[in-house]
Amino acid sequence: MTYAVSDLDAVSCIRVEGGGAARGALRVPGDKSISHRALLLAALAHGTSILEGLSRGQDVTCTRHAVERFGVEVVEDGQGRLLVTGPLRHEPDDVLDHGNAGTGIRLTAGVCAGIDGLSVLTGDEYLRRRPMDRIAVPLREMGARVDGREGGRLAPLVVRGGGLHAITYAPAQASAQVKSAILLAGLSAEGRTVVEEVHPTRRHTEEMLEQFGGRVAVQDTRVSVERSDLAATTVHVPGDPSQAAFWAVAAAISDGGEVTVHDLYPGFGRSDFVGVLQRMGADVDFDQAGGTLTVRASRLQAVELGAEDIPGIVDEVPVLAIAAALAHGTTVISGAAELRAKESDRISYTCAMLRAFGVKVSELEDGMVIEGGGQLHAARVDSHGDHRLAMAAAVAASCATSGTTTINRWESVATSYPAFAADLMRLTGVSVTADAEQQA
Ligand code: S3P
């Protein structure tokens, strides 16, 4: 059976065949991190915010539905924009289902902690296995009641919010989600809430709070917020650098490759993968302020990545590992234990994916060692429900020696990049079809 391109987003197993150099120009989906925050802050703000360019992936759709459960009106204006009228009116009228979205559930829990009332937050089988104690502990310290299952894997999460006081908190992990949950709760807490980070992480919450009129201050790794009344505004959501990383690597590793991505988020903490590719010797033109990135094929060298590097490339490691597999020399990635707490155990499953493509790799507790310089051989791989592993595998498949690669649990891609297969076919010339046997 032949599937139309749009149907490929939903199939559970795809076959990738043929293909060549990745060439072309594109705009990737609206940034996922910014989209979640735009919806939540618009929901907290007085008046009607106009949000344009939001991610259309399932993760952000879940946040949209969550916001509606608080009595916030969300309307499509027919020109691709969402009109969101806040502030939120009441506790959610039903369970908030965040699907696969760690950012969605953690940031929304921060909002729930700040409002009088009861919220129940849950997600899919993968999200319910992820650690939530990292937000539950500080939110409890601020005065919210947060409950869930034993062992820190708390979702379904029950939050009874209201009556918060400010805290000064230093999360153990470098995590923008934890920082943001605390800051969002801090918007309604008595006093000045301070978060001290181990390493600086993406600053979307801080930047957007400022845009919505929040009283926020940033000093290197110290961020603080005071009780604030937010005012509606217009948000243009730029393209997602983490999605651009797939095309950057695809161009860098394919003979004759050249891809340009436009309208990328230009701010702090999201484009570090470009620097990593440059350290590997990639041929890159990057106008960061203008949001335009061009990457061309070149001979890549191995690289060493440690704890300082990881917060800036936390979502790009699986696809950078593909580049490392084709680079000359041995790449060592360490200080990356947080990757085990992502949509999947990204250390273990990135290693498994590389091995399936014929790469020699050893797994470390906090990273991996990749022997580069070989070829990628068509393989059977499993995304383990992790969209970034699925997309990294598809990039590898487009450069693999002849044969057919099958990627199982492909449907996870719809959480963040619904048109990925279409873009892959257009840029690399591969054929992507549903694996009829697996579908049956
Ligand atoms: C995100 C922060 C990162 C990242 C995730 C999005 C955000 O997670 O991996 O995809 O939007 O704040 P951590 O906060 O767990 O590092």
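The values are calculated or read from the model by the stated rules, or taken from the named source; none is laboratory data. The structure displayed is predicted, hence computed values, not measured ones. Don't worry about glycine lacking a Cβ; one is built from the backbone with ideal geometry, like all the others, and counts go over all protein chains shown. The accessibility values were calculated without ligands, DNA or RNA, using every heavy atom of the protein model including side chains. Shrake-Rupley method; radii C 1.70, N 1.55, O 1.52, S 1.80 Å.
Here the mean projected area of the convex hull built on the C-alpha positions of the stretch 32-236 is 9.7 nm². Rg and Dmax, both from the Cα atoms of the stretch 318-375 and both in Å, are 10.4, 30. Direction-averaged projected area, Cα convex hull, the chain: 19.0 nm², rounded to one decimal.
Once C-alpha pairs closer than 8 Å and six or more residues apart are averaged by separation and normalised to the residue number of the chain, the relative contact order reads 21 percent. Classify the stretch 1-152 as rounded, prolate or oblate from the Cα gyration tensor: take a ≥ b ≥ c as the square roots of its eigenvalues, call it rounded if a/c is under 1.5, otherwise prolate when a/b beats b/c and oblate if not. Oblate shape, in that a/c is at least 1.5 and b/c is the bigger or equal ratio.
What percentage of the solvent-accessible surface of the chain, computed with a 1.4 Å probe over protein heavy atoms, is contributed by carbon and sulfur atoms?
Values: 7350 of 15970 Å².
Roughly 46 percent of what the probe reaches on the chain is carbon or sulfur.
Taking the Cα centre of the chain as reference, the dipole from Cβ charges on Lys and Arg (+1) and Asp and Glu (-1) amounts to some 260 debye. Net charge dipole, the stretch 1-107: roughly 420 debye, given to the nearest 20, about the Cα centre with Cβ charges of +1 for Lys and Arg and -1 for Asp and Glu.
Roughly what % of DSSP beta bridges within the stretch 32-236 run antiparallel, to the nearest 5?
Details: 28 of 37 bridges.
Of those bridges, close to 75 percent are antiparallel.
For a straight C-alpha distance cut-off of 12 angstrom, the aspartates and glutamates reachable from Lys179 (same-chain residues fewer than eight places away being disregarded) are Glu196, Glu197, Glu206. Here the sum of -39500 (n - 2.57) over DSSP H runs of 4 or more residues, divided by the residues of the chain, equals -9000 deg cm²/dmol at 222 nm, to the nearest 500.
Annotation: Ser334 carries an accessible surface of approximately 40 Å², with a 1.4 Å probe and no ligand, DNA or RNA atoms counted. Loop exposure criterion: GluC sites (Glu not before Pro), DSSP state outside H, G, I, E and B, at most 16 other Cβ atoms within 10 Å. Applied to the chain, the longest stretch between such sites is 126-307.
For the residues Gly214, Gly102, Gly403, a GNM of the chain with alpha-carbon springs under 10 Å puts the largest fluctuation on Gly403. Can you find, among His36, Thr260, Met353, the residue sitting farthest towards the positive end of the charge dipole of the chain, where Lys and Arg contribute +1 and Asp and Glu -1 at Cβ? Of the listed residues, the answer is Met353.
Figure note: Asp263, Asp116 ranked by solvent-accessible area, largest first, 1.4 Å probe, ligands and nucleic acids not counted: Asp116, Asp263.
Working with all protein chains in place, sort Ser348, Ser398 by solvent-accessible area computed with a 1.4 Å probe, largest first. Write down the numbers at each step before the final one.
Working: Ser348 35, Ser398 10 Å².
Highest to lowest solvent-accessible surface, that is Ser348, Ser398.
Using a Gaussian network model of the chain in which every pair of alpha carbons under 10 angstrom is joined by a spring, one finds that among Pro171, Pro238, Pro318 the greatest mean-square fluctuation is at Pro171. Taking the chain as a Gaussian network of alpha-carbon nodes connected by springs under 10 Å, the highest mean-square fluctuation of the residues Ser362, Ser344, Ser383 belongs to Ser362.
Provide the percentage of antiparallel DSSP beta bridges, counting only those with both residues in the chain; round to the nearest 5. Please list the in-between numbers first.
Values: 56 of 77 bridges.
Around 75 percent antiparallel, to the nearest 5.
A cut-off under 10 angstrom between Cβ atoms defines the neighbours of His36, and their net charge, with Lys, Arg +1 and Asp, Glu -1, is +2.
Considering only His236, Ser49, Leu127, the residue lying farthest towards the positive end of the dipole of the stretch 32-236 is Leu127, judged by Cα position with unit charges set on Cβ. Heavy-atom accessible area with a 1.4 Å probe sorts Asp285, Asp77, largest first, into Asp285, Asp77. Per residue, the solvent-accessible area of the chain (1.4 Å probe, heavy atoms of protein chains only, all protein chains present) comes to 36 Å². When the square roots of the Cα gyration tensor eigenvalues are ordered a ≥ b ≥ c, the ratio a/c for the stretch 128-198 is 1.5 or more and a/b does not exceed b/c, which makes its shape oblate.
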